[in-house]
Amino acid sequence: MATLRVLFVDDEEELVSTVVERLELRGIAATGVVSGEAALALIEEQPFDVVVLDVRMPGLGGLEVIKRIKQSHPDLAVLLLSGHGAKEDATTGLRLGAFDYLQKPVDLEDLIAVLHRAVAGGQCG
Amino acid sequence: MTGAPPIDPLDPAEVEVARPYLAGASAARLRRTVVLATAAVSLLPLLIISFLYYDQYERSLHAEAAQSMSRQVTNNKRALEFFLMERRSALSFMVRDRSFAELCDVKTLPLLMRHMNDAFALGSFADLGLIDSGGKQLCYTGPYDLKGRDYHDQDWFYRVSRRGVFISDTFLGYRQSPHFAIAIKHERENGDYYILRATVNAEVLAEQILTAGLSPDDDVFLVNKDGVLQSPSRRYGGVLQTIPIPIPRATNEVRVLEQADERHRSVVIACVQIADSPFILVYIRPQIRSQGAGLSLPRLLLFLLVSIFFILVVIFWGSRQFVANLRAHSLKRAELMHKVEYANKLATIGRLAASVAHEINNPLAIINEKAGLLEDIVKLQSEFPRREKVLGIVDSIKGSVVRCRTITHRLLGFAKRMDVSSEIISLEELLKEVVSFLGKEVEYRNVTVTIDAEPGVPNIESARGELQQVFLNLLNNAEAAVKDGGHIDIRVRTAGERRIAVSITDDGVGIPKENLERIFEPFFTTKEGSGTGLGLSITYGIVQKLGGEIAVQSEIGNGACFTVLLPVRRG
């Protein structure tokens, strides 16, 4: 199995850097950015297997970003991170093509499990 | 912090109590105003109409009475005038029929008088005299010896000489018996004149007065212009007495007027002048009081009193209903206002809680990830110094994060559930959640709260926030009622096909019987000074709104059991 390439997008830089480091410790090629704009730019430059996207971000929000990703890269799996109780956002995201959503704060092992499922599902689909 | 927002619906600091309902004193004031205003607008017209009606009635009665008196007086006037005319005519006939010489004959006058008295069945002449122009009585027939009397200085002689005819007032005269005189002057061819004079006893005149149809209080009599009785009066005595009341100026037309009599009682007087005589006919009748079939004053007063009584009864009853309704309405409004206020307060707290939870969630995620990273690093290096100690610290950090996460999730859930929209709810889950809201207090006081749900109880469709509020209120009350170490048992059972019963039983102080009926009333509280008396009424209102019922069973000292029946499907 090839190395999983993950793009982690969240406006909290501390969170992004920590999660990226932890994913890398587990052999996942993780990249982190702190805005939706940066994420969209990076997708154009290098390939990813999964994008993990926070729903609430200043500037381009997660739902807007997923819309654009699905236009340019329909096959790219996107996983949403939503705040607790923001079920509506999550359902909208799923309708827009997200693979799944997780509630913050997320347990890392849960995240990795879903990432693997996303890639497998994407390959099946 | 261990649970949901600490909202105590029974804490007066939490729910400000403005009491816009009608308090006792202002209700009484309002009622007084309503009673007075209604009484004024209903009784005043009644009284005015009654007064006007009575006045009009009295007037018409008076008019009728005046008419009957007037008729009586007119008839009497005619009779008396006829009586006097008859006697004048008789005298006239005599002086024309006989010459002066014949009249001077001693036999003539007695003969004439006898004939006259035979002819006049009713009244007779008492005597008859012939007087010459010098005032000397030439000839006389009658019971007294008056021949030769000189009348030239007497008023009647003067008058008859001037006017030709004269009827005198009643007087006693030489014979000391009341009588009046009729005198006729006759001119002789030689320019001289003589006078034929007859007197009539006053009794005869009195007999001419018609008294048919008079009631015992009525009085008809004759007076002269000086108020001296010319005929006997029932009220004022015999002939020649002076009556003690002023007699109105009499004319040939009948006059009827009211005035006070000698005893200041109101009387109606009708009077008329008898033509060519000094006599005034007077008819006195006591002031007419409506009698008989009509609306008498006592009857009118009775009618008024009965009407006023009924009107007042209706007004009092109506105003009581009115004020009671208003009060109930006002209470309901106050209750509603409090409910809205309370809901708003909860919503505000909910929003505040949500924003706090959101803000805390982000650093919490960072703490969690940093701890995770630290754990990763330690785990990857088997030689890490004090490895176990560090891993223990990491576990502790992660455990605390989980606790924090539970709190923030609950806060967010609470905020979200303030919405009234219906959703499918597991009562058991909901009750667990609400119990967790009760917080540390329960633990500190060592109160045991158990939830016992019957297996297979269906989920219900209802409003989550409202249900939370209902059970929170009931549990707060139960918690306040039990002693330290007490028990609160929550049971969820199906009740029929369509309803679920949730009972909350405590082993606390219980509720006195007299309070059981009033316990759901707004502002009813036993927590003097600390309770608003709204908690259970709000609870009751919400349960009603959700289509359910709430009931309470309790005995003093034996705890209380509140049962909430909820429909499985709403509406």
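Couple of notes before you dig in:
- Residue selection: B:Ala365 fails the criterion of being facing another protein chain (nearest Cβ under 10 Å), more than 24 Å from B:Lys545 (Cβ to Cβ), open to solvent by less than 60 Å² (accessible area, probe 1.4 Å) and out of contact with any Leu (no Cβ under 8 Å at 6 or more places or on another chain).
- For beta carbons closer than 7 Å, sequence separation of 6+ or different chains, a first residue in region A:27-56 that is under 14 Å from A:Val16 (Cα atoms) and a second that is in a strand (DSSP E or B) and open to solvent by 50 Å² or more (accessible area, probe 1.4 Å), the qualifying pairs are A:Ala29/A:Arg5.
- Single residue of region B:368-384 satisfying the filter (among the hydrophobic types (A, V, I, L, M, F, W, C), open to solvent by 10 Å² or more (accessible area, probe 1.4 Å) and touching a helix residue (DSSP H, G or I) at 6+ places or on another chain (Cβ under 6 Å)) that is farthest from the other protein chains (Cβ to nearest Cβ): B:Phe384
- Residues in region A:22-55 that are within 14 Å of chain B (Cβ to nearest Cβ) and farther than 15 Å from A:Val106 by Cα: A:Glu24, A:Leu25, A:Arg26, A:Gly27, A:Ile28, A:Ala30, A:Gly32, A:Val34.
- Residue satisfying condition, being modelled with pLDDT of 80 or more, charged (D, E, K, R) and surrounded by 14 or more Cβ atoms within 10 Å (Cβ to Cβ), within set B:Glu549, B:Glu514, B:Glu555: B:Glu549
- Total residues in region B:349-360, condition at the interface with chain A (Cβ under 8 Å from one of its Cβ atoms) and open to solvent by 10 Å² or more (accessible area, probe 1.4 Å): 2
- Of residues in region A:62-76 being among the aliphatic types (A, V, I, L, M) and open to solvent by 10 Å² or more (accessible area, probe 1.4 Å), the one farthest from the other protein chains (Cβ to nearest Cβ): A:Leu76
- Search result, residues across region B:210-231 that are of a type outside the set (Ser, Thr, Tyr) and open to solvent by 70 Å² or more (accessible area, probe 1.4 Å): B:Leu210, B:Ala212, B:Gly213, B:Pro216, B:Asp217, B:Lys225, B:Asp226
- Qualifying position, being touching a residue at least 24 places away in the same chain (Cβ under 8 Å), open to solvent by 30 Å² or more (accessible area, probe 1.4 Å) and under 30 Å from B:Val204 (Cα atoms), among B:Arg78, B:Arg88, B:Arg71: B:Arg88
- Filtered residue count, region A:94-121, keeping only those that are open to solvent by 70 Å² or more (accessible area, probe 1.4 Å) and among the small types (Gly, Ala, Ser): 0
- Restricting attention to region A:57-73, the residues that are over 22 Å from A:Thr18 (Cβ atoms) and touching a residue at least 12 places away in the same chain (Cβ under 8 Å) total 11.
- Residue in region B:333-340 that is at pLDDT below 75 and away from every other protein chain (no Cβ under 12 Å) present: yes
- Leading residue by the ranking (farthest from B:Val564 (Cα to Cα)) among those in region B:473-492 that are open to solvent by less than 20 Å² (accessible area, probe 1.4 Å) and among the hydrophobic types (A, V, I, L, M, F, W, C): B:Val482
- If you go through region B:452-470 and pick out every residue that is part of a helix (DSSP H, G or I) and in contact (Cβ under 8 Å) with a residue 60 or more places away in the chain, you end up with 5.
- All positions within region A:77-93 that are modelled with pLDDT of 85 or more, more than 10 Å from chain B (Cβ to nearest Cβ) and surrounded by 20 or more Cβ atoms within 10 Å (Cβ to Cβ): A:Ala77, A:Val78, A:Leu79, A:Leu80, A:Gly93
- Among the criteria (1) within 60 Å of the chain's Cα centre (by Cα); (2) of a type outside the set (Gly, Ala, Ser); (3) modelled with pLDDT under 80; (4) closer than 18 Å to B:Asn476 by Cβ, the one B:Val420 does not fulfil is (4).
- In summary, A:Val6 fulfils each of the numbered conditions (1) more than 12 Å from chain B (Cβ to nearest Cβ); (2) within 14 Å of the chain's Cα centre (by Cα); (3) in a helix (DSSP H, G or I) with the single exception of condition (3).
The values are calculated or read from the model by the stated rules, or taken from the named source; none is laboratory data. Predicted model, so just to flag it, every value in this text is computed and none were measured. Here the Cβ is made from the backbone with ideal geometry for all residues, glycine too, and neighbour counts use every protein chain on show. Accessible surface is based on the protein model in full, side chains and every heavy atom, while ligands, DNA and RNA are left aside. Shrake-Rupley method; radii C 1.70, N 1.55, O 1.52, S 1.80 Å.
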